[in-house]
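Notes follow the structure.
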Amino acid sequence: MSHRPTPAASMVAAPSHRRSLRQWFDTAEPTLGPDGPGADRIDWLRAAPFVALHLACLGVIWVGVSTTALAVAAALYALRMFALTGFYHRYFSHRTFRTSRAVQFAFAVIGAACVQRGPLWWAAHHRNHHRNADTLLDPHSPGVHGFLWSHMGWFLTPRAFRTELERVPDLAAYPELRWLDRYDIAVPVLLAVALYALGVLLQHVAPELHTSGGQLLVWGFFVSTVLLFHATVTINSLAHRFGSRRFTTRDDSRNNPWLALLTFGEGWHNNHHYFPGSARQGFRWWEIDLTWYGLKLMALLGLVHDLKPVPAWVLAKAER
Ligand SMILES: [Zn+2]
Ligand SMILES: [Zn+2]
């Protein structure tokens, strides 16, 4: 007979360190709840994998570097950034185009490999951000909470750990997405193991590439993932502070071309806050939006369809 407490009981009785550890592997473990004591303080044990991800980058000291390792790191940055911006953001959070269930799942898996939690968690917090941008209810406003908190503090708290399913009923209807969201450690671990195995294989069959298991693990997984993470969250921190404002929005969002390059188009953030319903975020032809080009290519290949455009009335409102 199991002695495992019921969810309701464990919410009260389980020591917090055990609960935090279990949440590494199963995010459905009950949290303190958004209004419990300490809900807005960083849970360092729960956050340990995030800290470890950064420390593991120091592995470059021991594994060295090769062109192969850098190419793998860059390719994984690009592929995963596209999955985040095109799918986690423009598809799952804002529903700005349509696709098949298979393509939806494939990009949910690639998105999960970004180590930014599951698609439901990501979309739920993001919808909350748009609804309450730069108010006290915004989970990550630099104006309200400060730069560091908006960049990488808010999501390490018990308040933010839970996936607010009530914000994403459209996505929660898919059991495969709920599974990815609940066991959000699975895909990152598989990617790390696969990269290590690939490096070991290449070391034996193609020694002229001068790579190894450790090298592909450190560069392809740890370094690439940490860069990907910090680039992504500049949109929460820097793109609500630095840049120009084309539209008068209630929030403090900015258009920033440097951030747009780094994040494949997300830096046109004032455009996006004014009209989040478009699959395109660079509203002018010169506003480079790599994700939009990628989505157009996918549409040509028949993988996605009904990309929502920027309406003429939105462009007519532009102040510059
Ligand atoms: Zn924003
Ligand atoms: Zn958005």
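The values are calculated or read from the model by the stated rules, or taken from the named source; none is laboratory data. If you're wondering where the values come from, they're calculated on a predicted model, not measured in any experiment. Glycine also receives a Cβ, built like all others from the backbone with ideal geometry; neighbour counts cover every protein chain displayed.
Couple of notes before you dig in:
- Any chance PRO158 is modelled with pLDDT under 95 and within 16 Å of ligand 1 (Cβ to nearest atom): no
- Lone unmet requirement of (1) surrounded by 21 or more Cβ atoms within 10 Å (Cβ to Cβ); (2) more than 20 Å from HIS230 (Cβ to Cβ) for LEU76: (2)
- Of the helices (runs of 4 or more DSSP H) lying entirely inside segment 245-314, not one carries at least 2 residues that are surrounded by fewer than 19 Cβ atoms within 10 Å (Cβ to Cβ) and within 14 Å of ligand 2 (Cβ to nearest atom).
- Among the residues of segment 115-128, those that are within 16 Å of ligand 2 (Cβ to nearest atom) and either crowded, with 24+ Cβ neighbours inside 10 Å or part of a helix (DSSP H, G or I) (or both) comprise PRO119, LEU120, TRP121, TRP122, ALA123, ALA124, HIS125, HIS126, ARG127, ASN128.
- Answer residue from segment 132-145, given it is outside any helix (DSSP H, G or I) and surrounded by fewer than 17 Cβ atoms within 10 Å (Cβ to Cβ) and is farthest from ligand 2 (Cβ to nearest atom) among those: LEU136
- Positions within segment 226-250 being away from ligand 1 (no atom under 11 Å from the Cβ) and within 20 Å of LYS317 (Cβ to Cβ), in sequence order: GLY243, SER244, ARG245, ARG246, PHE247, THR248, ARG250
Residues are listed down the side, and each one gets a yes or a no for (1) under 19 Å from the mean Cα position of the chain (by Cα); (2) within 16 Å of ligand 2 (Cβ to nearest atom):
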site	(1), (2)
HIS130	yes, yes
ARG167	yes, yes
ALA192	yes, no
LEU198	no, no
GLN203	no, no
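- Subset of segment 214-244 [in a loop (DSSP other than H, G, I, E, B) and without any contact (Cβ under 8 Å) to a residue 60 or more places away in the chain]: PHE242, GLY243
- Among the numbered conditions (1) of a type outside the set (Val, Ile, Thr); (2) over 18 Å from HIS230 (Cα atoms); (3) within 13 Å of ligand 2 (Cβ to nearest atom), the only one that PHE97 does not meet is (3).
- Within segment 271-284, one or more residues are out of contact with any Ser or Thr (no Cβ under 9 Å at 6 or more places or on another chain) and over 24 Å from ARG131 (Cα atoms).
- Among residues of segment 179-213, those that are assigned to a helix (DSSP H, G or I), among the β-branched types (Val, Ile, Thr) and either in contact with a strand residue (DSSP E or B) (Cβ under 8 Å, 6 or more places away or on another chain) or in contact (Cβ under 8 Å) with a residue 24 or more places away in the chain (or both), counted: 1
- All positions within segment 94-120 that are in contact (Cβ under 8 Å) with a residue 40 or more places away in the chain, closer than 25 Å to ASP306 by Cα and out of contact with any strand residue (DSSP E or B) (no Cβ under 9 Å at 6 or more places or on another chain): HIS94, ARG95, THR96, ARG101, GLN104, PHE105, ALA108, VAL109, ALA112, GLY118, PRO119, LEU120
- Lone unmet requirement of (1) within 11 Å of ligand 1 (Cβ to nearest atom); (2) within 17 Å of the chain's Cα centre (by Cα); (3) not hydroxyl-bearing (Ser, Thr, Tyr) for ASN270: (2)
- Annotation for segment 55-67: no member residue is buried (at least 20 other Cβ atoms within 10 Å of the Cβ) and either within 17 Å of the chain's Cα centre (by Cα) or in contact (Cβ under 8 Å) with a residue 40 or more places away in the chain (or both).
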